[in-house]
Amino acid sequence: MRTDIFARLDREPEPPKIEPPRMSRHRIALFCGTLAFYLAIVVAVLVSSWLVTLDWKVMLFRPYQQWPEIHAFLDYYIVLGQRGPTATMVACWLGWRSWRQHTLRPLLTLGASLLLLNATVGAVKIGLGRLGPHYATQIGSAELFAGGDIFPSGHTANAVVTWGILAYLATTPRARRYLSAVSAIVSLGVGLTTVYLGTHWLSDVLLGWTAGLLILLGLPWVEPLITRTEAWIFAQREYLRGRGRPVPSLPVAAGGPRTVLLPQLDGGDAVAESPVLEPVAAGGHTATTTGTVTGARSRAHPAPTAHLLRSERSPITPAGSRRPPHADRTPRGGTTPARPMTGG
């Protein structure tokens, strides 16, 4: 029976090493061309050009009345452009990838793209204040600066960014091509669905496609910030883990130093205790020596004579011994000649 299944689930085999897209000359050229197209659409709506006339013609055509049989299906299909459901689905998938590959880059890239989307698209929506087709007041008017929030289309821009981020984060060139085609079809369908339902002008959809594409093309400029953010998050995680770990106490080996507290004068008559390292004899017994702790200690209180271990006592000379030496004494277990007994 295999026992490494959980280890295999914890980390998948290393994917092909594909570096994040860089701002190459080709990508910069695409970004500049898309930005020019974005500005051209805004100017065309501001001056009420032929594009505004086309908006009114499509709106008055009322596609939802021309093909009512697909209305029910498109009511569900439009959910693929709503930010809440799509961001949740894509975040779950990218979160799984982040856990399997031990990296936060997929989730951080999604978060950065959505922040850019909210900042750029939201600012233009509020700044231009265009009303939608259902709230238009004058035929042929661009309906700008009227307190609306319809231009550019948020559904369309969100579909481009949310589904396009999967192609941006693909690990193989083949997967990137397929996902790019799928995201293009989904975002194209979402944009046309809003026109069919009459919730957006055609120019709203064109600007939404362009706004989402600008964010995807400009993401490589954000990659260094994403890398630094990921490194900072991992560093904070290791720091918090280190704070929660108890400090291990090192055992004192036999013969090593042991910390004891000895009295020490602190200024006047106050006595403080200071740690002093004492040698530890073999067997775990503490061996102390006589002496003074400090000069003040020796002047104020003479140091008491410490008791020595029996194994460390100096040998007693015959002159100071209480018993006479026995020269004929031999170690225990040896043979000794019989001694005559004296006395009564």
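The values are calculated or read from the model by the stated rules, or taken from the named source; none is laboratory data. Nothing here was measured: the structure is a model prediction, and the numbers come from that model. Methodologically, a virtual Cβ is constructed for each residue, glycine included, from the backbone with ideal geometry; neighbour enumeration extends over all protein chains shown. Please note that ligands, DNA and RNA were not included when accessible areas were found on the heavy atoms of the full protein model with its side chains. Shrake-Rupley method; radii C 1.70, N 1.55, O 1.52, S 1.80 Å.
A few comments on the model shown:
- All positions within the stretch 72-106 that are at pLDDT below 90, of a type in the set (Ser, Thr, Tyr) and within 18 Å of LEU179 (Cβ to Cβ): SER98
- Yes/no for ALA235 being more than 30 Å from ARG83 (Cβ to Cβ), modelled with pLDDT of 90 or more and either open to solvent by 70 Å² or more (accessible area, probe 1.4 Å) or in a helix (DSSP H, G or I) (or both): yes
- Applying a threshold of 9 Å to beta carbon distances and a minimum spacing of six or more residues, or different chains, the list of pairs starting in the stretch 142-154 at a residue that is open to solvent by 30 Å² or more (accessible area, probe 1.4 Å) and at pLDDT below 90 and ending at one that is part of a helix (DSSP H, G or I) and of a type in the set (Phe, Trp, Tyr) reads ALA146/TYR135.
- Of all residues in the stretch 49-67, those that are aromatic (Phe, Trp, Tyr) have Cβ atoms under 8 Å from Cβ atoms of residues that are at pLDDT 90 or above and outside any helix (DSSP H, G or I), 6 or more apart or on another chain, in TYR64/GLY198.
- Evaluation of ILE126 against the conditions (1) open to solvent by 30 Å² or more (accessible area, probe 1.4 Å); (2) within 21 Å of VAL186 (Cα to Cα) shows that the sole unmet condition is (2).
- Count of the stretch 171-197 residues, restricted to those that are surrounded by 17 or more Cβ atoms within 10 Å (Cβ to Cβ) and not in a helix (DSSP H, G or I), is 0.
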